[in-house]
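Below is one structure, written out as structure tokens, with a few remarks after it.
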Amino acid sequence: MRSSKSPTLFLSVVSSDGVVTTSPLFAAVQVTAGLCYRLRLLANLAERHRIDYIEISQRYPPVYWHVDSGSKLDGIDMCMTQWEMCGSIAVLALWGFLPQSGHVNYAPMRLASTMYLDVQDLVDLRESGYVVDYREHEETEATIGEPFEVAVRKRLTLLNRHPNDLPPDG
């Protein structure tokens, strides 16, 4: 589908130990002109100044991480999403505090991340005019038992029926 609006990109997710997860099943972000500009600028800055690695928080556009009720990450506290970049390669990471009974953790943990993307792929998606795109890890379909796009559409249909089950934006 083509549109003049910013496309939404659905990315499959891996846990902190690199295993494809079903909760969160996906992270969704709108690929706005501002987002593309910001990431391109960071990639150029890294190249020009020979910076190997950059981390930067992502507030706008918000990233939606779909976390199932009752899952390990249900009830994460003080979530933060950030882009982690190595040159022009970027990944979204979810940081926060896991709920633990009787134990206080003073440092946020990297809880999950998306697949790696080249910044130019985001720019190309933005310029393509498509409304939605899906990017997944090679192991995603085997792990979830169906194509990633089908699983995402099922979750979105379920969420549309139960809008109170929406978790907060990360």
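Derivation of every value follows stated rules applied to the coordinates shown; laboratory data play no part. This is a predicted model, so every value here is computed, not measured. No Cβ is skipped: glycine too gets one built from the backbone with ideal geometry, and neighbour counts run over all protein chains shown.
If you keep only loop residues by DSSP, which chymotrypsin sites (Phe, Trp or Tyr not before Pro) in the stretch 1-69 have at most 14 other Cβ atoms within 10 Å of their Cβ?
Sites meeting the loop and neighbour criteria: 53.
To the nearest 0.05, how large is the calculated FRET efficiency for residue 19 and residue 48 if R₀ is 35 Å and r is the Cβ-Cβ distance?
It comes out at approximately 0.45.
Compute a Gaussian network model of the chain, connecting alpha carbons closer than 10 Å, and tell me which residue from 73, 158, 98 fluctuates the most.
Largest GNM mean-square fluctuation: 158.
Taking Rh as the Kirkwood radius, which is the inverse of the mean 1/r over Cα pairs, what is the Rg/Rh value for the chain?
0.97
Restricting to DSSP H runs of at least four residues, report the calculated mean residue ellipticity at 222 nm for the chain, -39500 (n - 2.57) per run over all residues, nearest 500 deg cm²/dmol.
Computed ellipticity for the chain at 222 nm equals -8000 deg cm²/dmol.
Bin width 5 Å, alpha-carbon pairs only: give the P(r) of the stretch 1-94 as whole percents, running from 0 to the bin holding the largest distance.
The percentages, shortest bin first, are 3, 12, 20, 22, 17, 14, 8, 3, 1, 0.
Using θ = phi - 60° and the Karplus relation 6.51 cos²θ - 1.76 cosθ + 1.60, list the HN-Hα couplings for the stretch 56-68 in order, rounded to whole Hz, with x at every Gly or Pro.
With coefficients 6.51, -1.76 and 1.60, one gets 9, 6, 10, 10, 9, x, x, 9, 9, 9, 7, 10, 6 Hz.
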